[in-house]
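Presented below is the structure to which this report refers.
All of the numbers you see were taken from the coordinates with simple rules; none came from a lab. Everything numeric in this text was worked out from a predicted model, so none of it was measured. Ideal geometry is used to build each Cβ from the backbone, glycine not excepted, and the neighbour counts take in all protein chains shown.
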Amino acid sequence: MSALDGKVALVTGAAAKRSMGRAIAVQLAKDGADVAVADKLAAPKSIWPGDEGWQGLDAVVDEIEALGRKGLGITADVSVSADVDAMVVQTLEKLGKIDILVHCVGVRGPVPVPVVELDEATWRMLLDINLTGTFLVAKAVAKTMIPEGEGKKIVLISSMAGVSPYPGGAGYCAAKHGVNGLVKTLARELAPYKINVNAVNPGAFETNFRDESVVKQAKDRGMSVEESLKTPPTGPTGSAGPPPIPLGRLGTPQDIADLVSFLVSDRAKYITGEDINLSGGGS
């Protein structure tokens with residue numbers, strides 16, 4: 001038997017080809033779970049060459065089903081409670097239950113922008129998606145988990161920005177600090193039901209999450225997007241150069257999928273209320 005045989009997982013933020021969500025969803029299917037995947041856009045655009053024609057959620061569902069598991073694609077805006085409730089209902093109707101939630105949706109917004117220059121609309125957008133959306137999804141799914149309780153798992157993808165804030169990222173950093181606080185509170189509230197709740201704090205990763213920054217970097221440097229993709233990324237304050245990662249490379253979606261695979265398995269049943277850094281030794 002595979003580690004997750006008979007389990008049902010819901011993974012948000014999974015439509016982009018180079019997303020953490022996609023890698024996590026496919027890994028959980030390899031581990032034996034049926035997987036519902038959700039995102040705001042069914043097939044988001046990518047700046048990466050070779051991503052043209054990517055079918056988004058449909059392609060991820062195809063990958064899940066090719067592994068012999070059931071797959072379900074759902075479009076939902078996690079900052080809208082009605083969308084979140086509908087996403088949960090669809091998952092329950094099609095797959096019967098939710099044993100595992102992995103919430104990956106997040107936006108970084110424009111960086112660097114000092115607090116004194118940050119407009120209220122951007123601040124609210126960053127909190128609505130990164131923090132309120134996480135609250136809405138965790139709340140809706142946790143309600144369905146409590147009756148059965150033991151063995152259920154929740155993993156919320158936070159960020160190193162939630163433990164190591166940087167100048168010019170106030171809205172994103174504040175939201176991710178909030179996510180880590182939510183995880184610790186929710187873990188204690190759900191502990192009596194033997195439901196594990198943890199967060200992962202990714203550092204610099206090679207995913208579509210970087211797309212907006214790469215486009216800005218290209219404009220600032222007067223180069224094409226293709227050229228920008230081949231040059232070292234700028235730091236969070238806009239300084240050029242490779243990220244200070246002791247292991248010498250950006251993280252990959254599979255790196256985070258491997259950690260999540262462990263956290264949602266029985267091997268991690270005594271781990272709850274933790275936010276785990278995944279940064280290649282960076283800070």
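Details
- The ranking of VAL84, VAL113 from fewest to most other beta carbons within 10 Å of each one's beta carbon is VAL113, VAL84.
- Environment charge at ILE276 (Cβ cut-off 13 Å; Lys +1, Arg +1, Asp -1, Glu -1): -3
- Net charge of neighbours whose Cβ lies under 15 Å from the Cβ of ALA142, counting Lys and Arg as +1 and Asp and Glu as -1: +3
- Cα gyration tensor category, rounded, prolate or oblate, for the chain with a/c compared to 1.5: prolate
- Straight-line reach from LYS219: taking Cα to Cα under 16 Å and skipping same-chain neighbours fewer than 8 places apart, the aspartates and glutamates in range are ASP211, GLU227.
- Summing +1 for each Lys or Arg and -1 for each Asp or Glu among the other residues whose beta-carbon sits under 13 angstrom from that of LEU186 gives +3.
- With helices as the sole contributors, the chain gives -11500 deg cm²/dmol at 222 nm; each DSSP H run of n ≥ 4 counts as -39500 (n - 2.57), and the sum is divided by every residue.
- Scaled against 2.2 N^0.38 Å for its residue count N, the alpha carbon radius of gyration of region 33-146 is 1.22.
- Given LYS7/LYS94; LYS94/LYS194; LYS17/LYS139, the pairs whose alpha carbons are separated by over 21 Å: LYS94/LYS194; LYS17/LYS139
- Qualifying GluC sites (Glu not before Pro) for region 27-107 [loop in DSSP, other Cβ within 10 Å: at most 11]: GLU52
- Nearest-ten-degree value, helix 211-221 long axis tilted from longest Cα axis of the chain: 0 degrees
- A simple spin-label model places pseudo-atoms 7 Å from Cα toward Cβ; at LEU41 and THR252 they are separated by 2.6 nm.
- Modelled FRET efficiency - R0 22 Å, GLN55 with VAL80, Cβ distances, 0.05 increments: 0.35
- The chain: relative contact order in percent, alpha carbon pairs under 8 Å with at least 6 residues between: 20 percent
- Rounded tilt (10° steps) of 57-66 against the dominant C-alpha axis of the chain: 50 degrees
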